[in-house]
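Worksheet: one structure, shown below.
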Amino acid sequence: MAKSYESKSVEQKWYKYWEDNGLFKAEATSDKDPYCIVIPPPNVTGTLHMGHALNNTLQDILCRFKRMKGFNVLWQPGTDHAGIATQNVVEKDLAAKGTDRYAVGREKFIELVWEWRKKYGGLIINQLRRLGCSCDWSRERFTMDEGLSKAVREVFVRLYEEGHIYRGDYIINWCPRCHTALADIEVEHKEKESHLYYIRYPFKNGGGHLTVATTRPETLLGDTAVAVNPEDDRYAALSDPHVLLPILNKPIPVIFDKYVDMEFGTGALKITPAHDPNDFEIGNTHNLERIKVIDENGMMNDLAGPYRGMERFECRERIIEDLKMGDLLEKIEPYQNAIGHCYRCKTMIEPLLSKQWFVKTGPLAKEASKAVREGKTKIFPSNWEGVYFEWMDNIKDWCISRQIWWGHRIPAWYCQECGAVQVAKEAPMSCNSCQSNDLVQETDVLDTWFSSALWPFSTLGWPDSTPELKTFYPTAVLVTGFDILFFWVARMMMMGIHFMGDIPFKDVYIHALVRDAEGKKMSKSKGNVIDPLEIMDQFGTDAFRFTLAALAAQGRDIKLSEETILGYRHFVNKIWNAARFALMNLDENEDPKHDERAYTLADRWILTRLGQVSEEVARAIEAYQFNEAAAHCYQFIWHELCDWYLEMAKQELYGENGVSKETARAVVQEALIVALKLLHPFMPFITEEIWQRLPGTDGSIMTARFPDPSDFLRDEDALKEMNLLMGVIAAIRNIRGEMNIPPSKNVNLIIDAKSELDEEILERNLAYIQTLAKVDGASIGSGLPKPAKSATAIFEETSVHVLLEGLIDFEEEKKRIRKAISKIEKDMEASNKKLSNRGFLEKAPAGIVADVRTKFEGFSTKLSKLKQNLSFLETIDDC
RNA sequence: AGGCGGGUAGCUCAGUGGGAGAGCAUCGGCCUUACAAGCCGAGGGUCACGGGUUCAAACCCCGUUCCGCCUACCA
């Protein structure tokens, strides 16, 4: 076995072994309890980033854990067709070839996208394999495959028939680059430095003007009114109810609406119903004309008069110039406001009037909200529930049509004769109002999130009634980042409840965002991206996964640096070497037997601890406290199993007694097996590698049973005895360290034990003290006097005198004891304060009071012993 | 503007009512036959600030301040 762990070859080997042996496969029907997680489907265009790595590591931990706990686990994988993102990629390819999608045509273009998907769409799936994900790949799905498309049509038609889907004129967020409408949440608002322009609108009948403030002067071409607040005294007595639109010199009315904020600007607001969502609303109440002056490319159209054909920002500049010339621009103030940008391509959004398809979300959201309120679905950590309710209770209708080509084409047909709209699962033969055969399908496709909203049941075979649906719906838990709580989780809740009559998942676990070492969000443009694949190459997948789990405390973002990962790689190596040690002492062909009569204190202790730790780890994973689970594994394996148990076991392993030797081998083997099982969900590769080398193991560790606390010895005495032994050894080591006694130099001891029982325990385990604290001989008894040339440490009420003939530095020893005294005095003071407080004695629980009293007595004994020691030293000094 | 999260050792962070913790870094001692990616030991904190509740507060409540994020239709 190599001296340090080499991850590369190991990882590939075992992943292939698991897949070849079908260990990731779920059973459609089974006697075992079901446990199902649907993967948040990554975009086909995606490559594995830190967010994916964290998200999928946590899911894999849960799945591997539950499998070992005996569940029928389905981790349902798949990818998302990612409408706009994928279309963008293929369009870029076309642009490089000097053509575009319009030249290619819709049908051919879609073919090209499928080809692209076939070629590159599996990239991220293979990256998930590198990460060790135990998905059931035989069930991989894609949001555009036949089954899922069928589910999409079914849902659309049923929602339409129920009146939950409608088509209407609305101001939508238009991306002039992607050429499509965007839902409100697909718009990112960014604070930007801009300007507030004060523009004069002259009164129609001569004499004076009204000044309005705007950030978008170019839209004035589409103004159809100026609004003021009816309570605004400044405008109460307007003699002329009309003003002239600057430049176009067109009369428009002054209207009164309470929406207008009197404090802002001049209290007069220009109204452009076709290019601003608020103005659109006001336009509706006042029946104003909607004049569209900017087109789908962000260019000024024919209605823009002299500015026709200009780009929108160029038009702004020109209008400002022209206003200045006509003395209609009063002033320009610097101004900061939040401007919407496309979340895909970052182009500035143009609010635009157009006809779109919508889902009426109100009734669906109400049910989805109720399910969480009633606790049917629980969100972890629970503070996200508030965010969820906030959104659900203020939800707006969902614009689901997109003017792109890649996606599920909306199953609606328009009759070219009579204009009737027909919605159906399959293309209708003729119009059902005029029987015409001249039908044309809607060219828009559905928002990508429409199909992902169905993911928890469409992947299981819906709308067919399948055994998978019966077995696995509702799924156990959804693991995701908070950034898609609205996009995805909320919509799955709505659709799941509506179409399945039940929640899609019992738990939602919201995990952190991975940031860089400075706490900044990782992004390509900032250049601070850490590539998970490089990390896996460099440190190994197990170290990487364990790091992510160890940092995944609930409710806080993760700051990831290579330093941290390096620390956990050391842990991986520690495990490797512990295994190496064990294997050196085990025989390949022998399965050593325990003989309980030969158990040492160390054996009884570690066996008891194995049971306790197994329980702690299992409980933490069940509660989604991944960091706690990881910390328990780390602390136990390194600082208990390796630092203490393996060191102590050497005594028997290297000894001559056959029975003791075999028992020690058996316990070492068992402890290692349990440690591997506890670690397996976090570190699948190294645990399998060691498992396969270890005698007494069968098949894959994946199919081994997770340790149950009832499997182990429960020996409370062993815990207490070990506590004493470790305390005494630590006390001796402390003296050695402080006195700079080299490890090569052994010492002798006088131990003054507090009781006969302790005396007996220490006597019985003297050999451990000798090896672990480098001790030659010791006299153990009670009431033994302190020898002159010695240093003393006190553990609980046991005094340990280390004989330091020729080595002792009295000044150093006095300093050491004074330090101990001042420390204990502080402790005593705290306890004493409580015990002399009548309120505490009367009101605190009896158990607590007793504890403090015991502690105080312990302190006080220790203190008097320390003081004795000190005065003893001072006496010697005087001589 | 509103909402959420955070401020604990030099750094990164655990810790939700009863004696302040871990890892890394620092300092001292060790190549002890699993591991120097290691072993043994040590130092280091007004738990952001101010009030309150309580016998008892890092933890609960109120206020202040700084940082981060999310939401939003003040042009």
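The trypsin sites (Lys or Arg not before Pro) of segment A:577-679 that meet both conditions, a loop assignment by DSSP and at most 14 other Cβ atoms within 10 Å of the site Cβ, are A:K593. Can you classify segment A:746-878 as rounded, prolate or oblate using the Cα gyration tensor, where a ≥ b ≥ c are the square roots of its eigenvalues, rounded means a/c under 1.5, and otherwise it's prolate if a/b beats b/c and oblate if not? Because a/c hits 1.5 or more and a/b fails to exceed b/c, segment A:746-878 counts as oblate.
Surface composition of chain A: carbon plus sulfur atoms hold 49% of the accessible area, using a 1.4 angstrom probe and ignoring ligands, DNA and RNA. Here the calculated FRET efficiency for A:A427 and A:H209, from their Cβ-Cβ distance with R0 = 60 Å, stands at 0.55, rounded to the nearest 0.05. For A:H511, the residues 5 or more places off, or on other chains, whose built amide H falls under 5 Å of its own are A:T480, A:G481, A:F482.
Across chain A, the fraction of Cα-Cα pairs farther apart than 54 Å, rounded to a whole number, is 36%. Once the Cα atoms are used to define both axes, helix A:491-500 deviates from the longest principal axis of chain A by about 90 degrees. If R0 is 41 Å, the Cβ-Cβ spacing of A:D169 and A:D93 corresponds to a FRET efficiency of close to 0.70. Among the listed pairs A:K66/A:K855; A:K69/A:K574; A:K250/A:K331; A:K8/A:K470; A:K25/A:K593; A:K66/A:K650, which have their C-alpha atoms separated by more than 31 angstrom in this model? The answer is A:K66/A:K855; A:K8/A:K470; A:K25/A:K593; A:K66/A:K650. Karplus-based coupling profile of segment A:784-796, in residue order and whole Hz: 6, x, 6, x, 4, 8, 8, 10, 10, 10, 10, 10, 6, with θ = phi - 60° in 6.51 cos²θ - 1.76 cosθ + 1.60 and x standing for Gly or Pro. The Kirkwood hydrodynamic radius of segment A:538-714, based on inverse pair distances between different Cα atoms, is 16.7 Å. Considering amide H positions built from the backbone, and no H for Pro or chain starts, which residues 5 or more places from A:F142, or on another chain, come under 5 Å of its amide H? Hits under the 5 Å cutoff: A:T79.
Fully extending the segment from A:K108 to A:E647, taken as 0.36 nm per residue of separation minus the present Cα-Cα distance, adds 187.0 nm.
Would you mind checking the tilt of helix A:7-20 against the longest principal axis of the Cα atoms of chain A, expressed as 0 to 90 degrees and rounded to 10? Roughly 70 degrees, rounded to the nearest 10. Dipole orientation for chain A: of the candidates A:M300, A:S822, A:Y102, A:M300 has the Cα lying most toward the positive pole (charges on Cβ; Lys, Arg +1; Asp, Glu -1). Highest mean packing first, where packing is the average number of other Cβ atoms within 10 Å per residue, the peptides A:852-863, A:272-283 line up as A:272-283, A:852-863.
Among A:48-59, A:781-792, sorting by the average number of other beta carbon atoms lying within 10 angstrom of each residue, highest first, gives A:48-59, A:781-792. Of the GluC sites (Glu not before Pro) found in segment A:560-613, those that fall in a DSSP loop while having at most 13 other beta-carbon atoms within 10 Å are A:E588, A:E590.
Here the Karplus curve 6.51 cos²θ - 1.76 cosθ + 1.60, taken at θ = phi - 60°, turns the phi angles of segment A:289-304 into couplings of 5, 9, 10, 8, 10, 10, 9, 5, 9, x, 9, 6, 9, 4, 6, 7 Hz, with x standing for Gly and Pro. Accessible surface computed residue by residue for chain A, with neighbouring protein chains in place and a 1.4 Å probe, gives 45 Å² per residue.
For the pair A:D537 and A:V659, label points projected 7 Å from Cα toward Cβ lie 5.8 nm apart. Highest mean packing first, where packing is the average number of other Cβ atoms within 10 Å per residue, the peptides A:836-846, A:188-198 line up as A:188-198, A:836-846.
A Cβ-based charge dipole, computed about the Cα centre of chain A with Lys and Arg at +1 and Asp and Glu at -1, lands at about 500 debye. Charging the Cβ of each Asp and Glu at -1 and of each Lys and Arg at +1, and nothing else, the dipole of segment A:770-865 about its Cα centre rounds to 380 debye.
For segment A:820-835, 3J(HN,Hα) computed residue by residue from phi via the Karplus equation (6.51, -1.76, 1.60; θ = phi - 60°) reads 4, 5, 5, 5, 6, 5, 5, 4, 5, 4, 4, 5, 4, 4, 5, 5 Hz, glycine and proline entered as x.
With contacts taken as Cα pairs under 8 Å at a separation of at least 6 residues, chain A carries a relative contact order of 12 percent.
For the pair A:D31 and A:K789, the difference between a 0.36 nm per residue extended length and the Cα-Cα distance amounts to 265.7 nm.
The values are calculated or read from the model by the stated rules, or taken from the named source; none is laboratory data. Computed from a predicted structure; not experimentally measured. Glycine also receives a Cβ, built like all others from the backbone with ideal geometry; neighbour counts cover every protein chain displayed. SASA here: full protein model, heavy atoms, side chains in, ligands and nucleic acids out. Shrake-Rupley method; radii C 1.70, N 1.55, O 1.52, S 1.80 Å.
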